Amino acid sequence: MSGRPLHGEMVSLAVTALFCVSTLAAPSGPVGAAGHAASDRKLLFVRNGDVRLCVETGGEGSPPVILVHGLAGDLTMWDAQLRHLWKSRRAAALDLRGHGRSGRPSDGDYSIPAMASDVLAVADALGMKRFVLVGHSLGGSVILACAQEAPERVAGLLFVDPAGDVTRLPKERLDAMLESMKALTYLSFMRGWFGANLTEARPSTRRKVFADLDRTPPEVVAASYAGLARFDPLPALRAYRGPMLTVILPGSDRPSSFQNLVPDLPAVRLRGLSHWLMMDDPKGFDRIMDDFLARIG
């Protein structure tokens with residue numbers, strides 16, 4: 001993980017830069033099994049080097065869960081999962097660098113290891129020594145890189161329709177995609193690409209995904225996808241020994257998909273949902289997530 005600050009140097013920065021912006025709801029909502037209000041949560045900012053990261057956190061109970069969104073998304077994609085998890089355990093979600101309300105790195109580093117360092121800095125700032133990671137799409141590669149960097153801290157990995165091994169994409173196709181992400185063709189290309197993955201989406205999911213896409217700077221999207229295309233997931237998949245599960249749609253069952261790269265990765269296959277399946281069917285996804293968490297304890 002060269003080219004970024006040592007993780008130990010970031011801990012003190014993250015902790016000292018953690019502060020509460022607001023309590024988003026009073027503790028008067030439904031009370032979960034742990035005896036706290038599921039609606040009681042806080043919006044925080046954590047600093048990782050020169051990047052200011054937006055985090056939403058709440059709940060009590062272990063092991064805690066950190067949720068990581070995908071390309072051109074933000075932490076609010078996990079609203080239903082956070083509300084569900086806060087009833088029984090601690091959980092947090094963050095905006096990745098350059099996304100949502102998080103800042104952009106001065107060095108323009110949108111590599112997967114750099115994003116993983118953001119997740120670990122958030123865990124440090126929140127005092128989470130060991131945690132479960134849930135990652136959607138590009139976020140699946142981010143959480144895998146976290147397990148590669150700090151395997152002793154990651155209690156489990158839940159991949160949500162992950163991007164797979166993009167390094168296997170033919171160079172000419174990757175170059176064409178990155179070229180299409182430039183200013184003149186960006187909007188039409190991205191709306192077409194995302195739209196093709198929203199054919200079975202709820203109307204509310206479609207609106208949310210396109211609104212987030214429109215808000216995310218085009219250069220951040222292009223740099224993040226280029227970073228994904230440089231990340232080889234296979235060494236991390238082979239090395240990690242904790243519980244893993246991938247939840248996939250038919251379009252994500254390719255030779256480059258995580259479950260087809262290693263022989264022992266369990267997969268739950270779903271149909272009739274969009275790529276943003278946790279928003280299309282939050283209750284169904286929450287049941288899968290609960291079953292996975294029950295295996296960890």
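The values are calculated or read from the model by the stated rules, or taken from the named source; none is laboratory data. Note that the coordinates shown come from a computational prediction; the quantities given were computed from them, not determined experimentally. Here the Cβ is made from the backbone with ideal geometry for all residues, glycine too, and neighbour counts use every protein chain on show.
Tabulated data for the structure shown
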read-out: Matching residues, segment 207-236, being buried (at least 19 other Cβ atoms within 10 Å of the Cβ) and of a type in the set (Lys, Arg); value: Lys208
read-out: In segment 167-185, the residues that are part of a helix (DSSP H, G or I) and among the small types (Gly, Ala, Ser); value: Ala176, Ser180
read-out: Of all residues in segment 161-172 being out of contact with any Leu (no Cβ under 7 Å at 6 or more places or on another chain) and buried (at least 24 other Cβ atoms within 10 Å of the Cβ), the one that is farthest from Lys129 (Cα to Cα); value: Gly164
read-out: Identity of the residue in segment 257-282, assigned to a helix (DSSP H, G or I) and free of Cβ contacts under 8 Å to residues at least 24 places away in the same chain, that ends up nearest to the chain's Cα centre (by Cα); value: Gln259
read-out: Condition check for Leu157: touching a Leu at 6+ places or on another chain (Cβ under 9 Å), of a type in the set (A, V, I, L, M) and in a helix (DSSP H, G or I); value: no
read-out: Criterion violated by Phe159 - all others in (1) over 17 Å from Ser224 (Cβ atoms); (2) over 11 Å from the mean Cα position of the chain (by Cα) satisfied; value: (2)
read-out: Given (1) surrounded by 24 or more Cβ atoms within 10 Å (Cβ to Cβ); (2) of a type outside the set (A, V, I, L, M, F, W, C); (3) without any contact (Cβ under 8 Å) to a residue 40 or more places away in the chain, index of the condition Arg153 fails; value: (1)
read-out: Count of segment 51-98 residues which are touching an Asp or Glu at 6+ places or on another chain (Cβ under 8 Å) and charged (D, E, K, R); value: 5
read-out: Answer residue from segment 101-138, given it is touching a Leu at 6+ places or on another chain (Cβ under 7 Å) and assigned to a loop (DSSP other than H, G, I, E, B) and is surrounded by the most Cβ atoms within 10 Å (Cβ to Cβ) among those; value: Ser137
read-out: Among the residues listed as Thr185, Thr216, the single one being over 23 Å from Thr57 (Cα atoms), out of contact with any strand residue (DSSP E or B) (no Cβ under 8 Å at 6 or more places or on another chain) and either of a type in the set (S, T, N, Q) or modelled with pLDDT under 95 (or both); value: Thr185
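So that you can scan it fast, the table gives a plain yes or no per residue for (1) modelled with pLDDT of 95 or more; (2) in a loop (DSSP other than H, G, I, E, B):
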site: Lys42; (1), (2): no, no
site: Glu56; (1), (2): yes, no
site: Ile66; (1), (2): yes, no
site: Ala72; (1), (2): yes, yes
site: Gln81; (1), (2): yes, no
site: His99; (1), (2): yes, yes
